[in-house]
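Take a look at the structure below.
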Amino acid sequence: MKKLLVQKEQWIAYKREEAEEIVNAAKEHDEMNMHKITEKFNKNGLYFLVDIQYHYGTPKEVMETTPPEEDKAPDGQMSLDDLSETVEQ
């Protein structure tokens, strides 16, 4: 079972208003827990880096959940239920 816990994105904008639009669009997601707009300058001029982080759950929450029935046996191995069905036949 795979579960996404944290996703980080980094965007570039050339105007402050564009950077704020990126943040406002990200705020529509309930999972967003961090955003940061950093003003940068290089030889080409001023630009803004927008960092956004989404948090979907904690490792503790994921580890405490029970996996679905079909995923109890590791890949390539039979579960005890599968084994007993094979022996009975």
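Filtered by the rule that a residue be in contact with a strand residue (DSSP E or B) (Cβ under 6 Å, 6 or more places away or on another chain), over 13 Å from E39 (Cβ atoms), of a type outside the set (F, W, Y) and surrounded by 12 or more Cβ atoms within 10 Å (Cβ to Cβ), region 5-15 gives V6, Q7, E9. Every condition in (1) closer than 14 Å to D51 by Cβ; (2) surrounded by 12 or more Cβ atoms within 10 Å (Cβ to Cβ); (3) without any contact (Cβ under 8 Å) to a residue 40 or more places away in the chain is met by E18 except one, and the failing one is (1). Only residues that are among the polar types (S, T, N, Q) and more than 16 Å from Q10 (Cα to Cα) were counted across region 25-52, and they come to 2.
The residue that is farthest from the chain's Cα centre (by Cα), counting only those in region 1-45 that are more than 26 Å from G57 (Cα to Cα) and β-branched (V, I, T), is T38.
For L83, the criteria (1) at pLDDT 95 or above; (2) part of a helix (DSSP H, G or I) hold in every case but one, which is (1).
Take the conditions (1) charged (D, E, K, R); (2) at pLDDT 70 or above; (3) in a loop (DSSP other than H, G, I, E, B); K60 misses just one of them, which is (3).
The values are calculated or read from the model by the stated rules, or taken from the named source; none is laboratory data. Predicted, not measured: the structure shown is a model, and the values here were computed from it. We place every Cβ from the backbone using ideal geometry, glycine too, and count neighbours over all the protein chains shown.
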